[in-house]
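Visitor: Once you've had a glance at the structure underneath, I'll fire off some questions.
The values are calculated or read from the model by the stated rules, or taken from the named source; none is laboratory data. These numbers were taken from a predicted model, which means no experiment stands behind them. Here the Cβ positions follow ideal geometry from the backbone for every residue, glycine too, while neighbour counts run over all protein chains shown.
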Amino acid sequence: MSDNILNVSRRGFLQGIVSTGALVLSVRLIPDLLWAAETSAGSHADHAVLHPSVYVGIDTDGTVYLVAHRSEMGTTSRTSVPLILADELDADWKRVKLEQAIGDPRYGDQDTDGSHSVRDGFVVMREAGATARLMLTRAAAQKWGVPVSECESDLHVIVHRASKRKAGYGELASAAAKLPVPKKEELQFKPKSAWRYMGKGAPSYDLAEICAGKAGYGMDARLEGMVYASVEHPPVLGGKVKSYDEKAPLQVKGVKQTIPIKPFTPPHRFQPLGGVAVIADNTWAAFQGRKKLNVAWDNGANAGYNSDQYKKELQETARKPGKVARNIGDVDAVFAQGGKIMEAEYYIPHLAHATMEPPVALADFRDGKVTIWAPTQSPQAVQSTVAEELGIPKENVICHVPLLGGGFGRKSKPDYAAEAAILSKAVGKPVKVVWSREDDIKFGYYHAVAAMYIKAALDEKGKPTAWLQRSVYPPIGSTFALNTTYGDAGELGLGWTDLPFDIPNHRAENGPAENHVRIGWFRSVANIYHAFAAQSFANELAHASGRDSVEYLLELIGPARIVDVKASAPEYDNYGASTKDYPLDTARMRRVVELAAEKSGWGKRTPGKGSGMGIAVHRSFLTYVATVVEVEVDDKGEVKIPSVHTAVDAGIVVNPEATRAQFEGAAVFGTSIVRSGSITAKNGVIEQSNFNDYPVARINEGPYKTTVHIVDSDAPPAGVGEPGVPPFAPAVCNAIFAATGKRIRELPLSSTANA
Amino acid sequence: MQIKVNGVERSYDGDPKLPLLWYLRDVLGLTGTKYGCGMALCGACTVHQDGKAILSCVTDVSQASGKEITTIEAISKNGLHPVQQKWIEFNVPQCGYCQPGQIMKAISLLKENPKPSDEDIEAGMAGNICRCGTYQRIRAAIKAAAGENA
């Protein structure tokens, strides 16, 4: 059997590596030429004796190869998703070897974004695991001549209880491989009571290597004979090179050559920005060489982008009627009646991802094919983008995915990988493109700057009878299509058209805004500004009505019910999930509010001078999150965050410890948004450049302690990587109001508006 | 010039202004030490010079000449250093990219101050950014390594 031959040769290859003590590294990450050649023949899972699905292979020695087809950027997806398969297979996790998938459509959706890896994996991985388990069970039954129904799995073995016979997975693999792959309808899934790993979790597969400094990130990829590149990008989006000094950079020791990269064809999508690359024999020399390029630029149409002016325009637009995205009743009729009217405006500037590992990629182009090692959230987007840039078929782009030193949405866009591929082709050697921190901050796919306006009419008890809200921001769609100025249904569905409040008259609108920088997904995306506005305004209404914030919030949410969002917002897409499996359920929303309030001691503690507590609740990525933040504000206005309590209902939680970590991290990420996050442009040029002028939260600035309370739930799994972010900023600002009476309507706190 | 890295004496005749960070990463292939900012702002590049934490991104290789440099790869001769073990026990890393720098800084901090208070930890670790936000676990791991209840 050809599989066996392949297996033998593969073992020979693996054993050579094992003896050097580097099996896992070489299989997974560290690019060496042997491994690159090996992948074209398929994964180890493919070559295992039993491989009923692309995600799993079982060898005769009992080793289970599981393919991690999503990227690891810190959310533990690379571990948690295969863990689902291991559970359904009833495999011993200690006998599992993970291998990271290359980009390949046969793995289905490989995008690690939208907090949906576990949600998707819960379906796909369980099917794959149950398939392999059934085949092993049938093989055992056949071997013993007993009915399949009398056999069952028990941690890496199949047992026949009546005769006390046992056979290991490795022992059964060859016989199982001869059986037909069962149909989906034949599969039986383990009941929750039999789960070994789901709900208990496992630490990151890479934990020890990360702590040892041996884990392989994109930044660490190396190939023999490679050179390093750094690219001088047009300072203004759409700018073009007029001229540059080809010779001067060569004076820098180690610099080898300069190579122009053509400007993109609008819309920019994931194309490289263009500019001039400096090739050198180390990263630093490439950085230094750039300083001598002396490029003259044609800055183009976006040179008129000034954030001060743009902010005024957004705010003006938000004060005018926009496109209606959702309508219930008639807000205008209620406003016309007069009575108590409240209105407020909110604003959040552009934000940059600032992943600790800046964009970086290694590419090796030869013979019409290119092999790439890129820390990417979307290896298939690397394939399509690079294929288009080089004019080669997608199949000829092999994309390995090392660990990502942070992603947050930035690494969903593979412009940097395309740069490496273009340069490797031009140089005729492997090229590693390294973005400096300055490149990262100045040339991002920024979180959209946004202005929001909200108006409400209140009854005598302070409850809204009408609520109108407008948001205005340059949409992510502008990255993909010219003249896109309105948010699409997906973007508006991120916390705007799904406002869950029990208000008889409601309208959500969206106004137009042109983009002048690249706009992209940023951890929790439009939920950030939508939740900031809606949850801040809800709190303003509570105070205006002299009501307790928690009690008022619960009243706004209203009685437990399923909200039929589509009835009033027909284009609402519910994060791509069915509303049958993932309805908007206010009972779950109420529960997280009550839980966060209870655990934080809401209403039971008397805050000292300058102290206060604030609450916000938000559903995003199908997960319900309520956050209570406690702040202390000193006489100088310095804010400290002693405690955060976050209640989370994410349905079934596969990996609780990793989930808690995500919400702890979201509180720190949110702290950066509140305190200091601001990207601004002057004459089209981004004004920030590094952590000095784009500060992110440090250990002394983040919350001292974030406690995460996970609601036990049997609902299908929802997201955990992003949903902690949206409620954090409004909860902090509501706490600041409680502490000081000062209402923050514009972020960050460091901006002049709050001085 | 001569430079001792992880116990090995090496000679180097390239650009003396090359930052130690890039000497370690690009010349020696010791990639455990990370690039984060190049301006002494984030701590990802922290290594030990004669046992004390320094920022390798702003240390010229010539400045390290004659000194003993230790990177994360060699911080422990046998298995993992107790601080690394605490990092595992407290499940500190998320993406993990900054963690070699955090660990090197924490080891140095504990050497100077075996029983650091919360304030000492904050002051000592404030130069090391973690964008994933693992700070409370870092604090807990350091306290545990100091033999205190986190």
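Visitor: Going by what's in this entry, would A:Ala167 be described as away from chain B (no Cβ under 14 Å) and either of a type in the set (Lys, Arg) or in contact with a helix residue (DSSP H, G or I) (Cβ under 6 Å, 6 or more places away or on another chain) (or both)? Step through it out loud before you land on a result.
Guide: Values: away from chain B (no Cβ under 14 Å): yes; either of a type in the set (Lys, Arg) or in contact with a helix residue (DSSP H, G or I) (Cβ under 6 Å, 6 or more places away or on another chain) (or both): yes.
Yes: the conditions hold for A:Ala167.
Visitor: Out of the residues in region B:1-22 meeting the condition of being hydrophobic (A, V, I, L, M, F, W, C) and within 14 Å of chain A (Cβ to nearest Cβ), tell me which one is nearest to A:Arg222 (Cα to Cα).
Guide: Start the filter on region B:1-22 by keeping residues that are hydrophobic (A, V, I, L, M, F, W, C), which leaves B:1, B:3, B:5, B:8, B:18, B:20-22.
Imposing the further condition that a residue be within 14 Å of chain A (Cβ to nearest Cβ) reduces the set to B:5, B:18, B:20-22.
Working: B:Val5: 20, B:Leu18: 19, B:Leu20: 18, B:Leu21: 16, B:Trp22: 14 Å.
It comes out as B:Trp22.
Visitor: Within region A:396-429, which residues are among the small types (Gly, Ala, Ser) and assigned to a helix (DSSP H, G or I)? Give the steps one after another, and end with the answer.
Guide: At the first step, the residues of region A:396-429 found to be among the small types (Gly, Ala, Ser) are A:405-407, A:409, A:412, A:417-418, A:420-421, A:424, A:426, A:428.
Hits for region A:396-429 are A:Ser412, A:Ala417, A:Ala418, A:Ala420, A:Ala421, A:Ser424, A:Ala426.
Visitor: Hey, another quick one. Of all residues in region B:30-54, which are in contact with a Cys (Cβ under 9 Å, 6 or more places away or on another chain) and crowded, with 24+ Cβ neighbours inside 10 Å?
Guide: B:Thr33, B:Lys34, B:Tyr35, B:Gly36, B:Cys37, B:Cys42, B:Gly43, B:Ala44, B:Cys45, listed by residue number.
Visitor: How do the pairs read when you match residues in region A:684-702 that are within 30 Å of A:His645 (Cβ to Cβ) with residues anywhere that are at pLDDT below 95, using Cβ under 9 Å and keeping only pairs 6 or more apart or on different chains?
Guide: From region A:684-702, the pairs are A:Pro695/A:Ser750.
Visitor: Follow-up. Would you confirm whether or not region A:420-428 contains a residue that is assigned by TED's automatic domain parsing to the domain that holds A:Val334, among the hydrophobic types (A, V, I, L, M, F, W, C) and touching a Lys or Arg at 6+ places or on another chain (Cβ under 9 Å)? So that I can check it myself, show each step before the final result.
Guide: Narrowing region A:420-428 to residues assigned by TED's automatic domain parsing to the domain that holds A:Val334: none.
The answer is no, given that none of the residues of region A:420-428 is assigned by TED's automatic domain parsing to the domain that holds A:Val334, among the hydrophobic types (A, V, I, L, M, F, W, C) and touching a Lys or Arg at 6+ places or on another chain (Cβ under 9 Å).
Visitor: Here's something else I'd like to know. So, in region A:430-464, of the ones that are of a type outside the set (Val, Ile, Thr) and assigned to a helix (DSSP H, G or I), which residue ends up nearest to the other protein chains (Cβ to nearest Cβ)?
Guide: Per the criteria, the residue is A:Arg437.
Visitor: What strands (runs of 3 or more DSSP E) lie completely within region A:179-280 and have 1 or more residues being among the aromatic types (Phe, Trp, Tyr) and within 14 Å of chain B (Cβ to nearest Cβ)?
Guide: Working: elements: A:227-232, A:240-243, A:255-261, A:275-280.
Strands (runs of 3 or more DSSP E) meeting the threshold: A:227-232.
So that you can scan it fast, the table gives a plain yes or no per residue for (1) touching a His at 6+ places or on another chain (Cβ under 9 Å); (2) at pLDDT below 95; (3) within 28 Å of A:Pro695 (Cα to Cα); (4) within 14 Å of chain B (Cβ to nearest Cβ):
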| residue | (1), (2), (3), (4) |
| --- | --- |
| A:Ala333 | no, no, no, no |
| A:Tyr346 | no, no, yes, no |
| A:Thr355 | no, no, yes, yes |
| A:Pro359 | no, no, yes, yes |
| A:Trp373 | yes, no, no, yes |
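Visitor: Can you name every residue in region A:444-479 that is under 19 Å from the mean Cα position of the chain (by Cα) and either of a type outside the set (A, V, I, L, M) or surrounded by fewer than 24 Cβ atoms within 10 Å (Cβ to Cβ) (or both)?
Guide: Within region A:444-479, A:Gly444, A:Tyr445, A:Tyr446, A:His447, A:Pro475, A:Gly477, A:Thr479 meet the criteria.
Visitor: Right, next: For region B:111-119, indicate whether the set of residues that are assigned to a helix (DSSP H, G or I) and more than 10 Å from chain A (Cβ to nearest Cβ) is non-empty.
Guide: Within region B:111-119, one or more residues are assigned to a helix (DSSP H, G or I) and more than 10 Å from chain A (Cβ to nearest Cβ).
Visitor: Turning to a different aspect of this structure: Those residues that are surrounded by fewer than 17 Cβ atoms within 10 Å (Cβ to Cβ) and not in a helix (DSSP H, G or I), I need them from region A:537-572; list them, please. Steps first, please.
Guide: So in region A:537-572, the residues surrounded by fewer than 17 Cβ atoms within 10 Å (Cβ to Cβ) come out as A:544, A:546-548, A:551, A:558-562, A:564, A:566-567, A:570-571.
Scanning region A:537-572 gives A:Gly546, A:Arg547, A:Asp548, A:Gly558, A:Pro559, A:Ala560, A:Arg561, A:Ile562, A:Asp564, A:Pro570, A:Glu571.
Visitor: Filter region B:78-110 down to residues that are surrounded by fewer than 24 Cβ atoms within 10 Å (Cβ to Cβ) and in a loop (DSSP other than H, G, I, E, B) and give me whichever is farthest from the other protein chains (Cβ to nearest Cβ).
Guide: For region B:78-110, the residue satisfying everything is B:Asn78.
Visitor: Turning to a different aspect of this structure: Considering (1) closer than 30 Å to A:Gly741 by Cα; (2) surrounded by fewer than 24 Cβ atoms within 10 Å (Cβ to Cβ), say which one A:Tyr624 fails and leave the rest.
Guide: Evaluating A:Tyr624 over (1) closer than 30 Å to A:Gly741 by Cα; (2) surrounded by fewer than 24 Cβ atoms within 10 Å (Cβ to Cβ) leaves (2) as the failure.
Visitor: How many residues, within region A:681-715, are touching a Leu at 6+ places or on another chain (Cβ under 8 Å) and hydroxyl-bearing (Ser, Thr, Tyr)? Step through it out loud before you land on a result.
Guide: Keep residues of region A:681-715 that are touching a Leu at 6+ places or on another chain (Cβ under 8 Å), which gives A:684, A:690-692, A:709, A:711.
Checking which are hydroxyl-bearing (Ser, Thr, Tyr) leaves us with none.
Of the residues in region A:681-715, 0 are touching a Leu at 6+ places or on another chain (Cβ under 8 Å) and hydroxyl-bearing (Ser, Thr, Tyr).
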